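Take a look at the structure set out below.
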Amino acid sequence: MSRYVRGKEVIYVSPFIAQSHSNQYSNTVYQLNPDQKDLYPYLSLAFADKAHGRRIVFVEHPSGNHIPVINALKKRLDKEGVSYKVCSFYDAKTGNWNFEKDNKETIIMLNDGRLEPTQMVLKSIEKAFGGSSHIHLFGYPEWQSYGSDFLKKIGALESTIYSSFYFDETQTENIQFAKEYSKWFNGTRLDGYPKYAVLGYDVARYFVQAWTWHGIQIPQAFGEIPHDGLQSDFVFRKADGENHFTSVGLFFINYSANGVGTRHKVIF
């Protein structure tokens with residue numbers, strides 16, 4: 001489909017991650033769910049800004065599933081002259097943290113987003129630092145899917161995750177949407193991550209308005225189109241060597257002790 005629209009006045013919106021990075025796609029293709037590496041330049045800038053004045057500790061699991069993310073963050077911190085510490089996963093889970101127990105604001109980030117290793121690190125932090133208000137975790141989009149008990153645990157540390165999607169179920173507009181959706185679909189709940197029903201609403205809201213105002217020339221008016229959806233923030237960019245546009249809109253979601261997150265747009 002993406003090849004079909006090439007050279008035609010047709011907009012193709014894809015909710016899927018591109019299977020390959022190539023300039024074969026048309027410049028009227030809009031990819032909503034980015035490959036994580038497309039986010040690294042923007043995430044690393046925002047993380048470095050957050051890191052200034054804080055102690056940064058990277059916990060390195062030998063088979064971590066987010067090693068490329070950590071490498072991108074380290075590279076940015078090095079460029080900005082922000083120091084950081086590295087702690088092995090073994091030392092972290094056994095409580096052998098390589099920094100002092102003091103009042104310095106500390107951000108700990110594991111190179112693995114899976115539930116089990118994250119829970120081990122959480123347990124170790126709890127044991128070593130108790131209820132310290134100076135120790136925080138920084139984590140991954142998939143943490144949203146680990147349930148309310150997990151979110152309360154990371155919320156107790158005032159932790160933050162990054163994500164391209166976040167549906168705040170406490171917001172009035174979102175509560176109303178969920179109620180209407182349940183009516184339309186016989187009590188069906190809005191589950192999953194991302195919530196594709198909400199994504200569909202956000203996409204329709206953005207692109208119908210964009211097409212009405214600007215037709216095929218949407219890129220010339222990105223700054224004029226309201227892009228803050230119920231779950232998404234559509235900020236379209238072209239990756240190096242690409243023709244198509246990818247949404248690189250990012251949120252930092254800060255969790256509190258009740259497991260509720262508050263989203264903040266990352267501005268770049």
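The values are calculated or read from the model by the stated rules, or taken from the named source; none is laboratory data. Note that the structure is predicted; figures quoted are calculated from it, not measured. Here the Cβ positions follow ideal geometry from the backbone for every residue, glycine too, while neighbour counts run over all protein chains shown.
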Taking segment 86-124, which residues are touching a residue at least 40 places away in the same chain (Cβ under 8 Å) and in a helix (DSSP H, G or I)? Pro117, Val121
Going through segment 128-171 one residue at a time, which ones are small (Gly, Ala, Ser) and without any contact (Cβ under 8 Å) to a residue 24 or more places away in the chain? Gly130, Gly147
So, in segment 185-196, of the ones that are surrounded by 10 or more Cβ atoms within 10 Å (Cβ to Cβ) and over 24 Å from Tyr255 (Cα atoms), which residue ends up modelled with the lowest pLDDT? Thr188
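Suppose the filter is over 29 Å from Leu45 (Cα atoms), loosely packed, with under 12 Cβ neighbours inside 10 Å and among the charged types (D, E, K, R); does Glu180 pass it? First the steps, then the outcome.
Numbers: over 29 Å from Leu45 (Cα atoms): yes; loosely packed, with under 12 Cβ neighbours inside 10 Å: yes; among the charged types (D, E, K, R): yes.
Answer is yes for this residue.
Taking the conditions exactly as written (buried (at least 16 other Cβ atoms within 10 Å of the Cβ), modelled with pLDDT of 80 or more and in a strand (DSSP E or B)), does Tyr40 satisfy them or not?
Working: buried (at least 16 other Cβ atoms within 10 Å of the Cβ): yes; modelled with pLDDT of 80 or more: yes; in a strand (DSSP E or B): no.
So Tyr40 does not fit the description; no.
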Based on what the data block shows, is Ser83 free of Cβ contacts under 8 Å to residues at least 40 places away in the same chain and buried (at least 17 other Cβ atoms within 10 Å of the Cβ)? no
Please verify whether Val69 is in contact with a strand residue (DSSP E or B) (Cβ under 6 Å, 6 or more places away or on another chain) and within 21 Å of Gln119 (Cβ to Cβ), treating the condition exactly as stated. no
Could you list, in sequence order, the residues of segment 210-234 that are touching a strand residue (DSSP E or B) at 6+ places or on another chain (Cβ under 7 Å) and free of Cβ contacts under 8 Å to residues at least 24 places away in the same chain? Phe222, His227
